[in-house]
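As structure tokens, the structure follows; a few thoughts come after it.
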Amino acid sequence: MNDDLNGQRLGAGLRDHMGQSPYSPLDLDDVKSTASRIRRRRTLTGVAVAAVAAAALIPAAFFTPGGEDTRRPIDPTTQTPTPTMAPTMAPTPRADVTLREDAPRGDDPADWSHPTFTDQALTHDSLPDNTDRVARIGERWVLSTRDDGEGKRTVQLLDADGDVVQKFAARSFFAISDNHELVAWTTDDSTLMLMDSQGKTRLLAKLPGDGNAIDVTGGAGCIDESVIDDCRVVVSYDSPDGPAVVSGDGVVTPISQDITGVRAAFSDFAAGFEKTTTFEAPPCMRLIDVTDGETQWRNCDVYVTSFSPDGRWTTVVDAQSDGWGPSRVGIADAATGKVYFWLDPSGDNRALGTPTWEGSEHLVVDSYDFTAQEWRLYRVSLTGEEEQAADMVEGDDVAFPFIAPIEP
């Protein structure tokens with residue numbers, strides 16, 4: 001991600017509201033009634049599988065001293081440093097929000113791809129087959145595709161009309177900077193690449209292992225190396241190795257051996273799976289400071305999936321999720337990891353897809369009803385207001401009619 005907020009991101013943005021109650025402006029009377037937890041009859045997939053797979057990769061060399069069970073609660077007085085960004089007031093509990101079929105129809109969501117969103121995003125007709133990620137880069141678009149038959153992936157740059165400007169083989173998704181000027185991804189031979197909105201590229205570094213670009217900071221100056229001090233990429237490896245930071249001069253610096261499998265990063269903070277000796281349950285999640293590797297908080301119940309653009313909130317899912325997608329998505333305080341409230345789809349056979357921030361006060365997420373075979377798209381505010389961000393679309397559970405824009 002780009003340091004677009006000039007130091008007022010997670011490290012500063014969260015500290016700025018340490019002495020405040022971030023919840024006082026919220027009208028809890030508007031919050032919808034609590035929804036029951038949804039359990040679906042689908043095969044085990046998603047984050048739980050990824051977590052178990054990550055845990056299974058951990059060799060004995062990475063076990064904690066003495067083989068202690070790191071899933072047991074940490075005594076904050078003896079083992080965990082006091083978080084420097086924690087707010088002084090504990091979060092105020094609130095009710096969950098149920099995504100109702102009769103929710104009012106609101107405005108079309110910004111930059112989501114769907115044939116009806118012709119004024120705001122690329123239409124599906126202009127997207128290559130198997131497109132699974134889209135983002136703006138300058139006045140153009142960057143997207144990734146996956147060939148399900150061969151498992152190969154590409155990163156493509158498209159102009160405003162949907163014509164391909166550049167196309168590259170890739171091994172993973174791409175990351176995009178806050179200012180939407182810079183894209184980072186890795187190739188099959190573990191090369192970390194950068195690209196600007198004009199299609200100019202730079203080979204930033206050769207990684208020591210198979211890695212994925214999770215977060216990128218910088219602008220077009222990173223490509224011609226005219227401005228490299230602001231360039232940085234957070235990389236997560238497909239191995240028990242801890243994450244790394246790659247600076248603008250191509251130097252690869254390990255961050256911490258306490259976590260693996262980074263899921264999201266913001267400013268100087270990254271959320272990843274804790275290395276553990278326990279294989280019977282998914283590992284816990286830690287938020288660390290990438291500058292010194294110190295743990296800010298630890299949570300064994302939820303996994304972070306993204307940060308809000310201002311770094312104040314995170315989206316989370318249950319650590320043990322089962323089914324086609326998460327049964328619910330939560331919004332949590334980034335400073336503490338404490339869940340503020342959950343979004344639950346109504347009905348007994350529904351699941352949620354991809355949550356995406358629309359600004360820092362609204363979340364947009366797609367929902368699928370397996371019985372009715374209907375897709376819906378919802379927008380929910382931090383104060384609990386709920387609306388449908390698109391008309392209902394019929395289709396099966398692999399149709400994915402709504403493609404989320406990727407925000408940094």
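Assuming a ≥ b ≥ c are the square roots of the Cα gyration tensor eigenvalues, decide whether segment 208-264 counts as rounded (a/c under 1.5), prolate (otherwise, with a/b larger than b/c) or oblate.
Prolate is the answer for segment 208-264, as a/c is 1.5 or above and a/b outweighs b/c.
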query: Using a 1.4 Å probe on the protein chains only, how many percent of the accessible area of segment 100-240 belongs to carbon and sulfur?
result: 41
query: Stretched out fully, how many nm does the piece from Lys206 to Lys152 gain, at 0.36 nm a residue minus the Cα gap?
result: 17.4 nm
- prompt: Using only Cα atoms, what Kirkwood radius does segment 264-408 have, in angstroms?
  reply: 16.1
task: Taking amide H positions as placed in the peptide plane 1.01 Å from N, state which residues far from Ile403 in sequence (5 or more) or on other chains have amide H under 5 Å from it.
output: Ser113
- prompt: For segment 295-308, what does the Karplus curve 6.51 cos²θ - 1.76 cosθ + 1.60, with θ = phi - 60°, yield as ³J(HN,Hα) per residue in whole Hz, taken in order and with x for Gly and Pro?
  reply: 7, 8, 7, 9, 9, 9, 9, 9, 10, 6, 10, 6, 10, 5
query: Got a number for the accessible area of Glu361? Probe 1.4 Å, square angstrom, nearest 10.
result: 120
- line: The ³J(HN,Hα) series, computed from each phi in segment 176-190 with the Karplus coefficients 6.51, -1.76 and 1.60 at θ = phi - 60°, rounded to the nearest Hz and given as x for glycine or proline, is 10, 6, 4, 8, 6, 10, 9, 10, 10, 7, 10, 9, 5, 9, 6
- prompt: Pairs Lys206/Lys338; Lys167/Lys275; Lys152/Lys200: which exceed 28 Å Cα-Cα?
  reply: Lys206/Lys338; Lys167/Lys275
- request: Just check segment 118-251 against the gyration tensor rule for me: Cα atoms, a ≥ b ≥ c as the square roots of the eigenvalues, rounded for a/c under 1.5, and otherwise prolate or oblate depending on whether a/b exceeds b/c.
  value: oblate
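Between Asp159 and Thr371, what is the FRET efficiency for a Förster distance of 60 Å, r being their Cβ-Cβ separation, to the nearest 0.05? Could you put the intermediate results ahead of the total?
On the way: r = 41 Å, r/R0 = 0.69.
In this case the efficiency is close to 0.90.
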5 angstrom amide H check on Asp310, placed H, neighbours 5+ away: none
message: Accessible area per residue for segment 172-237 in Å², computed with a 1.4 Å probe and the full protein assembly in place, what is it?
response: 36
statement: Taking segment 143-201, the equivalent ellipsoid from its C-alpha gyration tensor has semi-axes in Å, biggest first, of 19, 15, 9
- request: Go through Trp342, Trp112 and list them by solvent-accessible area, largest first, probe radius 1.4 Å.
  value: Trp342, Trp112
query: Suppose every K and R has +1 on its Cβ and every D and E has -1 on its Cβ; what is the size of the dipole of segment 106-147 about the Cα centre, in Debye to the nearest 20?
result: 200
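Can you classify segment 237-297 as rounded, prolate or oblate using the Cα gyration tensor, where a ≥ b ≥ c are the square roots of its eigenvalues, rounded means a/c under 1.5, and otherwise it's prolate if a/b beats b/c and oblate if not?
Verdict is prolate for segment 237-297.
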- prompt: How much accessible area does Lys275 have with a 1.4 Å probe, in Å² rounded to the nearest 10?
  reply: 10
message: Considering all alpha-carbon pairs of segment 256-341, what whole percent are spaced by more than 22 angstrom?
response: 20
statement: Given 37 °C, 0.692 mPa s and a Kirkwood radius over Cα pairs, the Stokes-Einstein diffusion coefficient of segment 101-194 in µm²/s is 230
query: With every protein chain in place, what's the accessible area of Met392 (1.4 Å probe, Å², nearest 10)?
result: 70
query: Can you run phi through the Karplus equation (6.51, -1.76, 1.60; θ = phi - 60°) for segment 224-237 and list ³J(HN,Hα) in whole Hz, with x for Gly and Pro?
result: 8, 6, 6, 9, 10, 5, 8, 8, 6, 10, 8, 10, 10, 9
- request: Restricting things to alpha carbons, find the Rg to Rh ratio for segment 185-319 using the Kirkwood radius for Rh.
  value: 0.99
field: Solvent-accessible area, 1.4 Å probe, carbon plus sulfur percent, for segment 306-408
entry: 45
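The values are calculated or read from the model by the stated rules, or taken from the named source; none is laboratory data. Only a predicted model underlies this, so the values are computations on that prediction, with no experimental measurement involved. Don't worry about glycine lacking a Cβ; one is built from the backbone with ideal geometry, like all the others, and counts go over all protein chains shown. Accessible surface is based on the protein model in full, side chains and every heavy atom, while ligands, DNA and RNA are left aside. Shrake-Rupley method; radii C 1.70, N 1.55, O 1.52, S 1.80 Å.
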